[in-house]
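Nothing in this text is a laboratory measurement; each read-out follows from the coordinates by a stated rule. Quick caveat: nothing in here was measured; it's all calculated off a predicted structure. Cβ coordinates were reconstructed from backbone atoms using ideal geometry, including for glycine residues, and neighbour counts include every protein chain displayed.
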Amino acid sequence: MTRPLTVIGLMSGTSLDGVDAAVIRTDGERVFAHGPSFELPYPSELRQRTRDLLDRASELDAHDPELLSVERALTLHHVETVQTLRARAEMPIDLLGFHGQTIFHAPAQHRTWQIGDAALLSRETGLAVVHDFRSADVAAGGEGAPLAPCYHAALLHDAPRPVAVLNIGGVANVTFIDRDGTIIACDTGPGNALLDDWALRHTGRSCDVNGNLARAGRVDRDILERLLAHPYFQRPAPKSLDRLSFAMALDAVRNLSPEDGAATLTAFTVQAIARTSLPHRPEVWFVCGGGRHNPMFMEGLRHTLQASVEPVEALGWNGDALEAECFGYLAVRALRGLPLSSPLITGAPSSISGGRLTCSGLHPIPQWLGDFER
Ligand SMILES: Nc1ncnc2c1ncn2[C@@H]1O[C@H](COP(=O)(O)OP(=O)(O)OP(=O)(O)O)[C@@H](O)[C@H]1O
Ligand SMILES: CC(=O)N[C@H]1[C@@H]2OC[C@@H](O2)[C@@H](O)[C@@H]1O[C@H](C)C(=O)O
């Protein structure tokens, strides 16, 4: 039997709001325990510098001084997150699963780019680090995202089916598990990112807190229909998005009032989710990610999907920590050479593993790592 490991998973998502970290104990197949979790928000200056990098990421040179400076600052923010969580966890940690920050995602060009210095993280924490989860899938011709479905499936083994887990992060993505266990997944469209950018521009706050701006506005139906005419919504799964894939929506609503713009962008996220083509109607949609804290998304989804829509807390899960837990789980799967994705999830030609191990902070290398040699 493979030894279970205690792992800290680390996720810095497309919302650019901060680092989520969570402890789980897993052998990469079963999850034995969930430990504490913690989020360390980015200072607004670092969030803005990262946001600015995204705009020029497609042309960025890997040695760009600002890129390297942001990468170092983001990594040190991860180090601080790990040290804080470690102190709270009061248990020895074996491994880190480090997603990094996606700054560019274009699977059609065989490119996906997560920044973050795994060697620095390993040196500063003295822990082994698994990172670079998406490249192998993209290199094999897959979308490289979403990767959470395999973790959702591990947690949902005895839930009623068909069932959907919907993550509303910066981008939104769904995992659908059919009656026979078949998993279908994709990014559905925008999540919070457009609304965050709009709210920042018009209110100076980093998001539309509790949907208050959108609630006071009216949806512009013409603009909404135009946005939903985007070919992405006709494409079947598997499919995935970059944070900026729908940046033109901000341009489309630019002449609306702050309230009407927020209402229209909120409806765009909801309607994009509802248009996702699934083989059967899920019995329940369980929602995770920061978007579930926005009642305008939750109410809009209940109304549009005409189905039960619950936060994942209804399953006893922690919807703010789920993605971080996921990268802890995937880190152990990667060490064991187990698949992180499958053809129906990312479109890769076969189920393939991924991730890379960095141990620059370990002297000597612990013996148990030898058990995982692939
Ligand atoms: N009370 C709230 N009201 C409105 N929006 C909220 C609230 N709380 C959180 N959010 C939204 O949730 C976002 C953070 O979500 P989350 O942490 O899931 O993003 P992420 O980790 O970047 O996700 P992903 O990797 O899936 O893109 C914030 O940027 C904000 O838009
Ligand atoms: C390229 C990339 O970082 N994609 C993220 C992003 O954020 C949400 C959505 O777009 C999803 O596809 C993915 O993250 C989650 C954790 C995933 O891989 O499942």
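For helix 258-274, report the angle its Cα long axis makes with the longest principal axis of the Cα atoms of the chain; keep it between 0 and 90° and round to the nearest 10°.
It works out to around 60 degrees.
State the answer as a single residue: which of N212, P238, A324 lies farthest towards the positive end of the charge dipole of the chain, with beta carbon charges of +1 for Lys and Arg and -1 for Asp and Glu, about the Cα centre.
P238
Fewest first, what order do V309, V70 take by the number of other Cβ atoms within 10 Å?
Lowest to highest Cβ neighbour count: V70, V309.
Taking the square root of 5 times each eigenvalue of the Cα gyration tensor, what semi-axes in Å does the equivalent ellipsoid of region 1-91 have, largest first?
30, 15, 11
Output needed for region 76-214: three equivalent-ellipsoid semi-axes, defined as square roots of 5 times the C-alpha gyration tensor eigenvalues, in descending order, whole Å.
Computed over region 76-214, the values are 26, 24, 19 Å.
Order 176-183, 5-12, 225-232 from most to least packed using the mean count of other Cβ atoms within 10 Å.
Packing order, densest peptide first, comes out as 5-12, 176-183, 225-232.
Which value, in debye to the nearest 20, describes the size of the charge dipole of region 149-315 about its Cα centre when Lys and Arg Cβ atoms bear +1, Asp and Glu Cβ atoms bear -1, and nothing else is charged?
Charge dipole, region 149-315, about its Cα centre: 180 debye, nearest 20.
Roughly what angle does helix 44-55 make with the longest principal axis of the chain, taking Cα atoms, 0 to 90 degrees, to the nearest 10?
Computed tilt is about 80 degrees.
If each DSSP helix of 4+ residues adds -39,500 (n - 2.57) and the sum is divided by the residues in the chain, what number results at 222 nm, nearest 500 deg cm²/dmol?
Dividing the helical sum by the residues of the chain leaves -10500 deg cm²/dmol.
Report, in degrees rounded to the nearest 10, the 0 to 90 angle that the Cα long axis of helix 65-89 makes with the longest principal axis of the chain.
70
Between I273, L315, V284, whose Cα lies farthest towards the positive end of the dipole of region 272-325 when Lys and Arg beta carbons carry +1 and Asp and Glu beta carbons carry -1, centred on the Cα centre?
Looking along the dipole axis, the top candidate is I273.
Report, by chain and number, residues whose modeled amide H sits under 5 Å from the one on D27, excluding near sequence neighbours (fewer than 5 apart, same chain).
Result for D27 returns L5, F32.
From largest to smallest, what semi-axes in whole angstrom does region 149-256 give when each is the square root of 5 times an eigenvalue of its alpha carbon gyration tensor?
So the three semi-axes of region 149-256 are 30, 17, 12 Å.
Grab every C-alpha pair in region 212-354, bin the distances at 10 angstrom width from 0 up to the longest one, and report whole percents.
The distribution over region 212-354 is 10, 30, 37, 18, 5, 0, given as percents.
So what J values fall out for region 178-194 if you push phi through Karplus, 6.51 cos²θ - 1.76 cosθ + 1.60 with θ = phi - 60°, rounded to Hz, Gly and Pro as x?
Residue by residue, region 178-194 yields 7, 4, 8, x, 4, 10, 10, 8, 5, 7, 8, x, x, x, 8, 4, 5 Hz.
Using only alpha carbon pairs under 8 Å that are at least six residues apart, calculate the relative contact order of the chain and give it in whole percent.
In percent, rounded to a whole number, it is 23.
What does DSSP give for the chain in terms of the percent of beta bridges that are antiparallel, rounded to the nearest 5?
Taking every DSSP beta bridge within the chain, about 65 percent pair in antiparallel fashion.
Give, rounded to the nearest 20 debye, the magnitude of the charge dipole that the chain has about its Cα centre when Lys and Arg contribute +1 at Cβ and Asp and Glu contribute -1 at Cβ.
My answer is approximately 460 debye.
I need the Kirkwood Rh of the chain: take the reciprocal of the average 1/r across all distinct C-alpha pairs and report it in angstrom.
Hydrodynamic radius (Kirkwood, Cα only) of the chain equals 20.8 Å.
State the Cα centre-to-centre distance between region 160-206 and region 236-271 in whole Å.
Answer, in whole Å: 13.
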